[in-house]
Amino acid sequence: MASDTFARRVSVFGSNGDGRTFVLESPYYRLRGVLRDGRMFLGNGSTLASAVVGTGVARREIAYGIARPDGGLHKALGTSPGEEWYVVSDERGLVVYPQPFARTSQTAVWGNLVVITPNVRYELRAYDADGALAMIVRRDHDLRSPTAADVDEHLARLYADASEHERASALADLRDMPRVETFPAFRHILADRLDHLWVEEYPLPGNTDGPTALWTVFDPGGRMHGQVETPAGLEIFEIGADYILGSMADDLGIESVQLWSLDRGES
């Protein structure tokens, strides 16, 4: 299954190359995953145009839905908050900056369920294809608030390679930017081919340059199964029974596809 976001077009191909194409119904144009029964998990984007009113933190609600295999809408799932941005409105128009340590909503297809959950706290909400809440997974987690020093360090890294003028202009715009209340509770979620849900722990300041990323793995029933470390910088495409497939960029930014072995242990 291949998705053309801008054209709202989805193409489905069989193993022999035969296929079909259909257009998604508005307002959905982003294919976010496919359920076990062939229905599709859809969303729209997070454009800020309708969310900005003057200078301040802005975020737009993102709409989600379930489509039938033929592309027709099965069920609208409502909205969830998108990523936080900081917007400066002045004589230049609108200037948009990424909010340091921004929170957002994370999504994944988990077997025949879809997970739609803001990462403000460690709580994962899974819904069935009709929009009914099917499961809530929680984990004890102490939320920490970023300090002014954390933000300064983040901005210094972000603009380290910018010109002096670009850096000075950005820091002037961000002088009065409010800090987020807490760091995200987790960074990313995805499901593997055995219907385990993987939750990437959020790297707090001081640990962002470590050699690994830490994932907490939950089984199909929502019970914590264990934790796994993956190489930092590995963009994961797929997790199978005994492998992790992804890509990694070297120091020159050249990407290579990598296959890592995965030992799930005896339990």
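Over the residues of region 114-172, compute the C-alpha Rg and express it relative to 2.2 N^0.38 Å.
The reported ratio for this selection is 1.85.
For the chain, what is the mean residue ellipticity at 222 nm derived from helices alone (per DSSP H run of n ≥ 4: -39500 (n - 2.57); sum divided by total residues; nearest 500 deg cm²/dmol)?
-2500 deg cm²/dmol
What percent of all Cα-Cα pairs in the chain falls in each 10 Å bin, counting up from 0?
6, 24, 32, 27, 10, 1, 0
In whole Å, largest first, what are the principal axis extents of the Cα atoms in region 186-267?
Sorted from largest, the Cα extents of region 186-267 read 41, 28, 19 Å.
Could you tally the net charge around Phe186, taking each other residue with its Cβ under 14 Å from the Cβ of Phe186, Lys/Arg +1 and Asp/Glu -1?
Net charge in that neighbourhood comes out at +2.
Multiplying the sequence separation of Met224 and Leu73 by 0.36 nm and subtracting their Cα-Cα distance, what value in nm do you get?
So the chain would gain 51.0 nm between Met224 and Leu73.
By counting other Cβ atoms within 10 Å of each Cβ, how are Leu252, Leu35 ranked from fewest to most?
Ordered by Cβ neighbours within 10 Å, fewest first: Leu252, Leu35.
Who wins for biggest fluctuation among Asn112, Asn44, Asn16 in a Gaussian network model of the chain, springs between alpha carbons below 10 Å?
For the chain, modelled as a Gaussian network with Cα springs under 10 Å, the answer is Asn16.
From the alpha carbon gyration tensor of region 9-150, can you work out the equivalent ellipsoid semi-axes (sqrt of 5 times each eigenvalue) and give them in Å, largest to smallest?
Ellipsoid semi-axes (Å, largest first): 32, 22, 12.
Counting Lys +1, Arg +1, Asp -1, Glu -1, what net charge surrounds Tyr159 among other residues with beta carbon under 14 Å of its beta carbon?
Neighbourhood net charge equals -3.
Measure out, as a whole number of angstrom, how far apart the alpha-carbon centroids of region 209-263 and region 100-139 sit.
Computed from Cα coordinates, the inter-centre distance equals 20 Å.
Hey, could you get me the Stokes-Einstein D for region 72-187, Kirkwood radius over alpha-carbon pairs, 37 °C and 0.692 mPa s, rounded to whole µm² s⁻¹?
196
Among Phe22, Phe183, Phe218, which one shows the biggest mean-square fluctuation in a GNM of the chain, springs joining Cα atoms closer than 10 Å?
Maximum fluctuation in the GNM of the chain, among the listed residues, is at Phe22.
Given a 10 angstrom Cα cut-off, can you work out which residue in Ala170, Ala63, Ala108 is the most mobile in a GNM of the chain?
Highest fluctuation of the listed residues: Ala170.
Taken together, the values in this text are just the output of simple stated rules run on the coordinates, not laboratory data. Since the model is a prediction, treat every value here as computed from it, not as a measurement. Note: ideal-geometry Cβ built from the backbone for every residue, glycine included; neighbour counts use all protein chains shown.
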